[in-house]
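The block underneath contains the structure these notes are about, expressed in structure tokens.
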Amino acid sequence: MSHEEIEFKTGKNMTETIKLTTDQIKLMSLFQNVTGAIARDCIEDEKLDRVIFVVNPDKMGLAIGKGGSTIRNLQNVVKRNVELVEYSDNPAEFLKNMLNPKLVSEVKINKRLDGSMQAIVLVDAKKKGIVVGREGRNAEKARLLAKRYFQISNVLIQSPEKIME
């Protein structure tokens, strides 16, 4: 499989390079043709049989379409589940966008003793299952993208009453 490198700004140091495969570049082109919106990034998650597109905030409505029609059309073309994430260059906002901003009460980002970055996402105990997602799919998406964009190696989804700091 051939790889092309596309450089774009990610995270705080703004010099990270994200490598995209030819297939991912084709999917991004298809995404643009079907939705009219430009995807910033494309992640193929083979394990959960889905394609995740990262979209600029001002293009989410265009990408989803009226009643979700555009995104359904795209799913029919790619024959896989398609998920959209609204981009933000603020890691806490980005994680909220991924996990549902209405259900996330707070995101704390801190440096661990080993120097790695960690995000703690606080959610209501009753809503934790929704935020984590079936088979942990939302949590997995958050981990994948937090690492890819902000070098955050650990994402914990917790309810406030269970936090021990």
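The values are calculated or read from the model by the stated rules, or taken from the named source; none is laboratory data. If you're wondering where the values come from, they're calculated on a predicted model, not measured in any experiment. Glycine gets a Cβ as well: all are built from the backbone with ideal geometry, and neighbour counts include every protein chain shown. For the accessible areas, the whole protein counts, side chains as well, though only heavy atoms, and no ligand, DNA or RNA atoms are used. Shrake-Rupley method; radii C 1.70, N 1.55, O 1.52, S 1.80 Å.
Place a +1 charge on the Cβ of each Lys and Arg in the chain and a -1 charge on the Cβ of each Asp and Glu, then give the dipole magnitude about the Cα centre in debye, rounded to the nearest 20.
Using only the charged Cβ atoms, the result is roughly 480 debye.
The lysines whose alpha-carbon is closer than 22 Å to the alpha-carbon of residue 19, local same-chain residues fewer than 8 away aside, are 9, 47, 141, 147.
The residues of segment 18-165 present an accessible area of 53 Å² per residue when probed at 1.4 Å with all protein chains retained.
In plain terms, the chain from residue 33 to residue 116 could stretch by 26.0 nm, reckoned as 0.36 nm per residue minus the Cα-Cα distance. Evaluating 6.51 cos²θ - 1.76 cosθ + 1.60 at θ = phi - 60° for every residue in segment 133-145, the Karplus couplings come out as x, 4, 6, x, 4, 6, 4, 5, 4, 4, 5, 4, 6 Hz, glycine and proline recorded as x. Out of the total accessible area of the chain (probe 1.4 Å, heavy atoms of protein only), what percent is carbon and sulfur? Carbon with sulfur: 50 percent of the solvent-accessible area. Roughly how many whole Å is it from the C-alpha centroid of segment 70-98 to that of segment 108-156? Between the Cα centres of segment 70-98 and segment 108-156 lies a distance of 17 Å. Using r as the Cβ-Cβ distance of residue 56 and residue 126, and R0 as 35 Å, what FRET efficiency do you calculate, to the nearest 0.05? With a Förster radius of 35 Å, E is 0.60. Across the options 139, 70, 159, the greatest Cα extent toward the positive end of the charge dipole of the chain (unit charges at beta carbon of Lys, Arg, Asp, Glu) belongs to 159.
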